[in-house]
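First the structure, in the form of structure tokens, and then the observations on it.
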Amino acid sequence: MDDIANREPFIVDEPETMTFRLNRRTLADPAVLERERTAVFDRCWIYAGHESEVPEPGDFRTRKVAGRPVIFTRNSKGEVKLFLNTCRHRGAMVCREAAGNARGFYCFYHGWTYDRDGALVGVPGEDSYPPDFDKARFPLAEAPRVDSYRGFWFASFDPGIAPLETWLAGATEYLDLVVDQSPSGRMQIIQGTQEYDIRANWKLLVENSFDDYHLASTHATWLTYMKDAGVNVRPPKGLLLPSHGVGKDLGNGHAVIDNVNFRGRPVARWISIYGEDAKAEIESIRAEVFARLGEERGARVCDTNRNLVIFPNLVINDGSSVTVRAFWPEEVDRMKVTAWALGPAEESESARARRLDSFLTFYGPGGFATPDDVEALEAVQQGLATWREVPWSEMTRGLDKKGEQLNTDELHLRTFWRRWNRMMADAA
């Protein structure tokens with residue numbers, strides 16, 4: 001690996017001189033990515049999946065978590081497990097299906113078989129092994145730390161990492177706002193998954209996911225569509241809300257933009273985009289939330305939207321729908337993105353249809369937002385080929401403010417980069 005410890009700093013952060021600059025090599029140099037894999041991803045809690053994806057014993061999903069192939073599953077007791085998807089014999093993956101329900105996992109290479117609990121139960125020609133060979137010594141390996149918060153499961157490959165809830169810090173408030181949309185407190189990943197690659201560095205999608213500064217220019221077509229549909233794109237006055245749009249540092253690198261909603265949220269009282277037929281049900285959903293949570297909390301759930309980044313690579317966009325998005329760097333200039341829609345488990349078919357329509361209209365592969373954002377990030381990455389000649393990016397928007405930061409400022413971006421920089425420096 002290229003020695004990057006003695007080069008220019010990754011960021012220049014001098015609040016006293018109102019300076020915050022980002023070294024563009026952080027987004028373009030393969031040596032930086034190599035350090036990230038161990039300095040960042042191996043030392044954080046990384047999103048693994050939602051409990052609703054594996055509701056029954058034997059249900060499983062295969063995916064990558066921190067670059068490792070894993071099996072996200074429930075064992076015979078109904079406990080969530082995260083097995084490393086590798087045979088203890090010669091290393092082949094023991095599950096090559098994307099999802100399903102299994103009595104166990106079978107390695108097609110030499111036939112070693114594991115049950116739902118990860119125990120090795122079958123070894124062809126076992127009598128050919130030495131006398132002290134014991135199958136009990138070779139279960140499927142598990143991630144060192146696995147834990148959940150309100151249905152969201154995370155794994156860490158750092159055995160000494162802080163407890164999950166401590167790590168999440170202020171992000172728990174925003175996860176609570178998501179889960180409180182369900183009367184039973186049970187949210188559900190809706191069937192169907194979006195998977196796509198972006199030819200850009202993964203950290204550019206972190207920035208983009210809660211950067212409202214680009215909204216008016218990049219997504220002008222969507223704003224026009226909303227306006228033509230009768231949506232007032234200016235926040236209404238007189239709501240019991242803290243602000244019309246702010247950026248917040250939530251601790252440990254997590255950050256959020258927290259906005260008064262005007263984006264087509266299915267539970268917002270002034271939305272006309274869903275038509276008159278939906279009005280009665282939307283009002284009924286709102287009434288249930290307010291009755292259950294009270295006036296102030298109900299307004300937070302129904303009349304605000306938020307883009308939450310949980311460091312390093314999980315984004316939850318709680319707006320016109322609830323979108324869960326995770327991404328992983330395959331190369332310094334290519335990431336793999338997976339996105340799901342999330343909704344209350346008990347919502348009606350019509351409410352679910354509106355949710356999916358909102359999800360696809362804005363975040364879908366042919367929606368108003370995702371194609372624009374992909375094009376923008378790939379254009380940035382192409383421009384970053386000049387990082388040796390133009391080495392610094394300016395990131396001082398809002399830096400001179402002593403109080404509240406707007407959603408169009410860059411406090412939340414700086415929050416991510418400060419944490420990233422600290423972890424990279426610690427690893428050096």
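Quick note: the coordinates plus some simple rules give every number you see, no bench work behind them. Note that this is a predicted model, so its numbers are computed, not measured. All Cβ positions, glycine included, derive from the backbone under ideal geometry; neighbour counts span all protein chains shown.
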Can you tell me the FRET efficiency between Ala98 and Thr396 if r is taken as the Cβ-Cβ distance and R0 is 35 Å, rounded to the nearest 0.05? 0.20
Can you pull out the cysteines in the chain that have no other Cys Cβ under 4.7 Å? Cys44, Cys95, Cys302
Arrange the following residues from fewest to most other Cβ atoms within 10 Å of their Cβ: His254, His110. His110, His254
Please list 3J(HN,Hα) in residue order for the stretch 192-199, calculated via the Karplus relation 6.51 cos²θ - 1.76 cosθ + 1.60 where θ = phi - 60°; whole Hz, with x for glycine and proline. x, 9, 9, 9, 7, 9, 10, 7
Which longest run of the chain has no exposed loop site in it, a site being chymotrypsin sites (Phe, Trp or Tyr not before Pro) in a DSSP loop with at most 14 other beta carbons within 10 Å, and the site itself not part of the run? 271-428
Residue-wise, which Karplus ³J(HN,Hα) couplings in Hz belong to the stretch 25-41, taking 6.51 cos²θ - 1.76 cosθ + 1.60, θ = phi - 60°, and x for glycine or proline? 5, 4, 10, 9, 9, x, 5, 5, 4, 4, 6, 4, 4, 9, 6, 10, 5
If you compute log10 I(q)/I(0) by the Debye sum over Cα atoms at q = 0.05, 0.09, 0.13 Å⁻¹ for the structure shown, which of [x] -0.19, -0.61, -1.20; [y] -0.17, -0.55, -1.13; [z] -0.28, -0.70, -1.00 do you land on? [x]
Label point 7 Å beyond Cα of Ala136 along Cβ direction - residues of the stretch 94-119 with amide nitrogen under 14 Å: 119
Show which aspartates and glutamates lie in cross-link reach of Lys203 when reach means a straight Cα distance below 13 angstrom and same-chain residues fewer than eight apart are skipped. Asp29, Glu36, Asp211, Glu330, Glu331, Asp333, Glu378
In terms of modelled amide H atoms, which long-range or inter-chain residues lie less than 5 Å from the amide H of Ala255? Leu250, Val309, Phe311
Using 0.36 nm times the number of residues separating Arg297 and Ala119, minus their current alpha carbon distance, what extension gain do you get? 59.5 nm
For Ala92, enumerate residues with amide H under 5 Å from its amide H, sequence gap 5+ or separate chain, H modeled in the peptide plane. Cys87
